[in-house]
Structures are given as C-alpha cells and as structure tokens.
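The values are calculated or read from the model by the stated rules, or taken from the named source; none is laboratory data. Predicted model only: the values in this text are computed from it and were never measured. Don't worry about glycine lacking a Cβ; one is built from the backbone with ideal geometry, like all the others, and counts go over all protein chains shown. Heads up: the accessible areas ignore ligands, DNA and RNA and are worked out on the full protein's heavy atoms, side chains in. Shrake-Rupley method; radii C 1.70, N 1.55, O 1.52, S 1.80 Å.
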Amino acid sequence: PFFDQHTDAYRAEWGGFPPRASGDAHEVAEQLLRHMQPGGAMADLVLPYVKGWWRARREPNVLLLHYADALNDLPGTVRALAAFLGVALSDAEFARVTHRCSMEHMRTVSRQFLYQQPLNARHVHALEDRAIVRRGALGDGDAVLNGEQKVRWRAVEEAGYADEPGLVEWVRDGRAGTSAGARA
C-alpha cells in the first residue's frame, strides 16, 4: 500500500519509480518481497538500514524506538523521549505533547507529513495525503502477504539478522531487546 501512495509527479521525477501496483495485492507483495530481499533493488532500505541503527542503539546520542512501542504506550514513549533529550515537561506540557503525537491529532495535520524532495524547485510531493498517517496500527503485511510469502520474509529476517541477538524479536514486535527508552 505504501509504495502505491506516491504521486504521479514524483513518479515522473524518478522515471516511473516506484511503479504503480497492478491491483492484485499478492502480486504487488511478491514484487516488493523480491525487491527487499538481499540483492533486490530496495535491499538496502531494509536489512542493512535496520542493522545499522540496531548496532548504534547503545550510543549516547541514539534512542532506538519502535512504532509498536509508541502505539502500545504513547505516554511512556513521550516520557522516554523527553528523558533522552533532557527535557523536563510540566503535566500540561506532557499532556499537550502526548496529544500532538496521537493519531487523532496527526490525522488533523496529515498534510504536514507530505514529504517533499529537498532542492526541488517544482516542489513535488512524493506521497499522497494520508500516505504516512494512515491507520495507526500494525499489521499491513499480514493483510497483504500470503502464507508462503510470510514464511519467506520471516526466513529473510532470520538470516539477515541472525548475527544480532534480539534484533529479529525487536523488528517484529518492539519491546524485546529494547523498549521505549531502553538502551539494551
């Protein structure tokens, strides 16, 4: 679904990339699965990227957060971020920040999340409105990947992250390995 949310203007800038989905969700998932596996066109967007941040998670200037943790405990995530930044929030400030991080609020300002390429004189937006602020939930992959594709992707994760203890669990669920604010 995400890659089909790119604007036609963005596709024109990038020679048709990413291609529009065919309409068959499993066919699209198959294409993305091939592209995201090692050796695929988008392979560096997944495994090496995540591994790099995982390896940096203990650095004093890095706070590794997982979307699942924010969904499950937004107040705890806001507290962890404030503590990491050394910011003391009053109760009123904490309530305001937490509200502004909520899906309820972000849906009201979703146009602020329209990515625009830097130094692009034509001001081309990469994504359609609401491409970033969508459901506020996890699990799009479960709805799109068929059983065989899920097995293949899990195998890619397990092979790609095998040398990093705790990473497979963290990628899939958050909490394990590091939780909001943890520096495991």
Surface accessible to a 1.4 Å probe, LEU89 within the full protein complex, Å²:
60 Å²
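May I ask you to compute the full-extension gain from GLU104 to ALA155, defined as 0.36 nm times their residue separation minus their alpha-carbon distance, rounded to one decimal in nm? Can you show the working numbers first?
Working: separation 51, 0.36 × 51 = 18.36 nm, distance 3.56 nm.
Contour length minus Cα-Cα distance gives 14.8 nm.
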Rounded to one decimal in nm, the spacing of the 7 Å Cα→Cβ label points at GLU164 and ARG20 is 3.6 nm
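Taking K and R as +1 and D and E as -1, what net charge do the other residues with C-beta under 12 Å from the C-beta of GLY174 add up to? List each step's numbers first, then the result.
Working: positive: ARG172, ARG175; negative: ASP69, ASP73, GLU169, ASP173.
Net charge around GLY174: -2.
Sum -39500 (n - 2.57) across every DSSP H segment of at least 4 residues in the chain, then divide by the residue count to get the 222 nm mean residue ellipticity, nearest 500.
Values: 10 runs with 88 residues, N = 184.
So the helix-based figure for the chain works out to -13500 deg cm²/dmol.
Can you give the local net charge around LYS51? Use residues other than it whose beta-carbon is closer than 15 angstrom to its beta-carbon, Lys and Arg +1, Asp and Glu -1.
Numbers: positive: ARG55, ARG57, ARG58, ARG172; negative: ASP44, GLU59, GLU157, GLU158, ASP163, GLU164, GLU169.
With Lys, Arg at +1 and Asp, Glu at -1, the neighbours total -3.
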